[in-house]
Amino acid sequence: MWEFRLSGIEDLEEMNRGLGLDVDAIEDVSVLAEPVRAGGLSMPNSLAVHPMEGCDGDSQGRPGKLTLRRYKRFAAGGAALIWGEATAIISEARANPRQLWINEKSKAGFAAMAEMMRQTAAESMGPRHRPVLVMQLTHSGRYSKPAGIAQPIIPQRDPYRDPLVPQPVPDTNRASKIPEDWPIVTDEYLDGLVDDYVEAARTAFESGFDAVDVKSCHGYLISELLACHNRPGRYGGSFENRTRFMLDVVDRIHDELGADKAVVTRLGIYDAIPYPYGWGVDKDDYRKADLTEPMKLIELLRQRGVRLVNATVANPYYNPHVGRPFNEPIVGGYEEPEHPLAGVARMVSLTGQIQKEFPDIAIVGTGYSWLRTLFANVAAASKAKGLATLIGGGRMAFAYPDFAKDILTKGRMSADKVCVGCSACTQLMRDGTTAGCVVRDNEVYGPIFERGRMGDRENLARLASACRKCQEPTCQLGCPAGVDIPKFISLFLEGDEQVAYKVLREANIFPEVCAWLCPVEQQCEGGCLQRFIGDAPVPIAEIQMHLAVQANRNGWSKLRVPEKRSGRNVAIVGAGPAGLACAAKLLEAGHCVTIFDKSREFGGMIESVIPADRQSDSLKNEIAAVFSDVPKDRMTLRLGKGLDGKFNLDAIMAEGFDAGFLGMGLAQSVSLSDEDRNINGLWDALGFLSAARGPRKPDIAGKRVAAIGGGNTAMDVAVTAGELGAKDVYLIYRRSFKEMPAWDAERDRAMAAGVHFLILTQPIRYNSKDGKLTGIRVCPTRLGQPDASGRRRPEPIESSAYNLDMDIVVEAIGQKTPKDIEQILPGVELEDGLIRTLGPSLATSRAGIFAGGDLVRGASTVVAAVADGMRAAKEIDKFLENR
């Protein structure tokens, strides 16, 4: 590890002398404020944000919440050029399932982002500051992984890079050589791909971007084509053939969209990979650059009107130190083989050679982030000497999004804001999570980094080795599904992941979503002996999640539906975790199922209410994987119609079903007063959270919001309100922290989000004017004797009541069955508003009807619902055998 020892220009000069380098720096950085013109593009200063992928789009390729946050920070940061990150031109070109993808469905999202950036830039830097926005169009080539599993699209076999691409059909998705029979992409495929680039460019310009980048660097498809010396056909061999694809894309964009459309490129000028597999390398010594061909290509681009080139080098998967000098490598990576300043010097020199050769092209320099505060001084010297027209920051922008603003307004950079070259942002990508700066933006990316590390098999194995393999495992006693935890942990440590998953699946058919949503710190991990007499509990949930992800990717989780039918059909009412678990096990028993649900999607309240960031894509991924091969004639879906007094259980069973399962959940919120339900500004929790997940979110930006309640749903409401822009969020709870039913992790999440907790506070009534909420009247409480729940009863002190001004109030005080539940479920006996079942069989008072989940237990956990559904399926199978 190289220690960073640069406090000022004098230190840099001394380091230059010691290493025999010549990296210049100057005190006066005002040259970086000079405006730049590149063809028809005008930039108000000479600083740029490099393309840095965040891996945080949605499944349709649209910018996600973190994407928008990142680009808003970039826009406010003062750079004249914001070079957008890699954006796939087609779905199969994506390097990860969350990579941005420009298409008709995502166009509106990109247009809104571009508008937001321009508005933010003007607010931060003044109305005359208009940054140039570039969309980087990419095809990931050998690094394509659109569904999370490597699906390399390779133009050649490469002995240096092939071993670093994960196998297309892995059992662990770790790096190993691409199979010898893996196909080489055809010329015909590449011919058709030109059309895709043109269409992507059209959509980018329609979305409001100023220019499109035909990305040609870092070993992705076009970049690798430039080095295809051994490839036969139109796209390999000669220089003309190797550059054909890139130049055809540029020509077609101009021909079809107009010669005035700005086409630019982030161009790799030196691969540092042995010839004939490297581009821009000396044929005899790949450690030396030969810019003959890169310069020849740039001249051809210049003739086509390209006036902005972002120069870069190397391949981040193969030799990251060449293009991204660092102090610390990623986990499992190699140590920096040369002093990082040597890498900086190389990039400054190579870029300078290009800039000197093409003075009429604005060359963007790279490689400055390692310099920390001297970034500005070295950048200024490079521009002053004509070695670059603009200077960009990539990792620096992640860490320090307003670096340009500080340089322009203060003439210096702050030491406590700069990138420290720790490689954590790269580690985030390698771990398959969203990327950002873990050090400087820790509140956001610290937890993501921790989760990413917990997704690494080697790290999990190290932590799992502490398992004591207890004879009477307390971890298993804490699991509502009774999973044999020591057994699957042991199998995981032995490397037999498929069998380990099988052990999990025997007790829990949806282990991934349960690992995300269950209170493991109070269940399995809460009972782990390592929690009491070791350093920390074994990370049971993370290992479970890892196994489930591997199972879903590799087909281990698919239902094994027997060819022979039982001839029986079972009605499943409710498509939540209990209903789906029951359906899955009945299908594997050979029965047919028909699933009824008022929603048009699987998932129940998990899908419609629980915030997405608490479950990632686990629910959709797991449901899709588990039910992927179920024959259509075995599972019938009757979605989008709820039960009521007319279309009730009698009506369903009259269709000839042999048995039924009720897993509808508790879909109605409890209210303090039914008379107040029509007050404008008063929400129930389920309605509020459902709206927050939909396209028309509650308008609460800048408003004061109160959530009433102390459970997990109340925490979700409060955190969601803050994320939607509420000015202040209050959580009003009538008991103390000790009695609060929310899980500790959820309560802590709300506190970390800045929610104001008003404990020992009792709502009395709502205040309104002309039907609109104006506030809430509350009073203090004192705790008396325990009530039926075992918690101390709150005693209101109404003599001390007071009013709280409030714009929005969301009631999160519980859920219940609908008022007409007796008409919906005729013949099913209820007890205290819930279905009464006959012991562990989960049979109801109506013959052939079974029930489970919240409708039986009251509000509970996902894993409990899954366990109920699986147990009910076994009982239904027995019932059908005996009929």
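The values are calculated or read from the model by the stated rules, or taken from the named source; none is laboratory data. The shown structure was predicted, so the numbers you read here are calculated from the model rather than taken from an experiment. Here Cβ is always computed from backbone atoms with ideal geometry, including for glycine, and neighbour counts include all displayed protein chains. The area values use the complete protein model at the heavy-atom level, side chains included, leaving out ligands, DNA and RNA. Shrake-Rupley method; radii C 1.70, N 1.55, O 1.52, S 1.80 Å.
In table form, for the structure just shown:
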quantity	calculated
Considering residues of region 690-704 that are among the small types (Gly, Ala, Ser) and farther than 20 Å from Tyr730 by Cβ only, the residue most open to solvent (accessible area, probe 1.4 Å)	Ser690
Residue within region 677-685 that is surrounded by 19 or more Cβ atoms within 10 Å (Cβ to Cβ) and farther than 30 Å from Ala812 by Cβ present	no
Residue in region 392-412 that is more than 28 Å from Leu133 (Cβ to Cβ), of a type in the set (Asp, Glu) and open to solvent by 40 Å² or more (accessible area, probe 1.4 Å) present	no
Entirely in region 789-847, the strands (runs of 3 or more DSSP E) that have 2 or more residues that are surrounded by fewer than 18 Cβ atoms within 10 Å (Cβ to Cβ) and modelled with pLDDT of 90 or more	792-796, 802-805
Helices (runs of 4 or more DSSP H) contained entirely in region 281-358, each with at least 3 residues that are open to solvent by 60 Å² or more (accessible area, probe 1.4 Å)	292-303, 340-357
2 or more residues more than 33 Å from the chain's Cα centre (by Cα): qualifying strands (runs of 3 or more DSSP E) within region 740-788	761-769, 772-786
Qualifying residue in region 610-622 (condition: crowded, with 22+ Cβ neighbours inside 10 Å, touching a Phe, Trp or Tyr at 6+ places or on another chain (Cβ under 6 Å), at pLDDT 90 or above and farther than 25 Å from Val717 by Cβ)	yes
Flag if Gly710 is touching a Phe, Trp or Tyr at 6+ places or on another chain (Cβ under 7 Å), in a loop (DSSP other than H, G, I, E, B) and touching a residue at least 12 places away in the same chain (Cβ under 8 Å)	yes
Residues of region 1-30 that turn out to be more than 11 Å from Leu371 (Cα to Cα) and either in contact with a Leu (Cβ under 8 Å, 6 or more places away or on another chain) or at pLDDT 95 or above (or both), as a count	18
Filter result for the condition that a residue is in contact (Cβ under 8 Å) with a residue 60 or more places away in the chain, open to solvent by 10 Å² or more (accessible area, probe 1.4 Å), on the phi < 0 side of the Ramachandran plot and in contact with a strand residue (DSSP E or B) (Cβ under 7 Å, 6 or more places away or on another chain), over Asn552, Asn569	Asn569
Verdict on Ser860 being within 28 Å of Ala692 (Cβ to Cβ), touching an Asp or Glu at 6+ places or on another chain (Cβ under 8 Å), outside any strand (DSSP E or B) and of a type outside the set (A, V, I, L, M)	yes
Scope region 761-788; condition surrounded by fewer than 18 Cβ atoms within 10 Å (Cβ to Cβ) and over 20 Å from Arg704 (Cα atoms); matching residues	Arg782, Leu783, Gly784, Gln785, Pro786, Asp787, Ala788
Helices (runs of 4 or more DSSP H) lying entirely in region 595-694 (those with 1 or more residues that are closer than 30 Å to Asp877 by Cβ)	605-608, 618-626, 649-653
Boolean, Ala75 is open to solvent by 30 Å² or more (accessible area, probe 1.4 Å), hydrophobic (A, V, I, L, M, F, W, C), over 16 Å from the mean Cα position of the chain (by Cα) and within 30 Å of Arg412 (Cα to Cα)	no
Residues (part of a loop (DSSP other than H, G, I, E, B) and farther than 25 Å from Asp613 by Cα) located in region 98-143	Glu104, Gly126, Pro127, Arg128, His129, Arg130, Pro131, His139, Ser140
Filter result for Glu675 (at pLDDT 95 or above and not aliphatic (A, V, I, L, M))	no
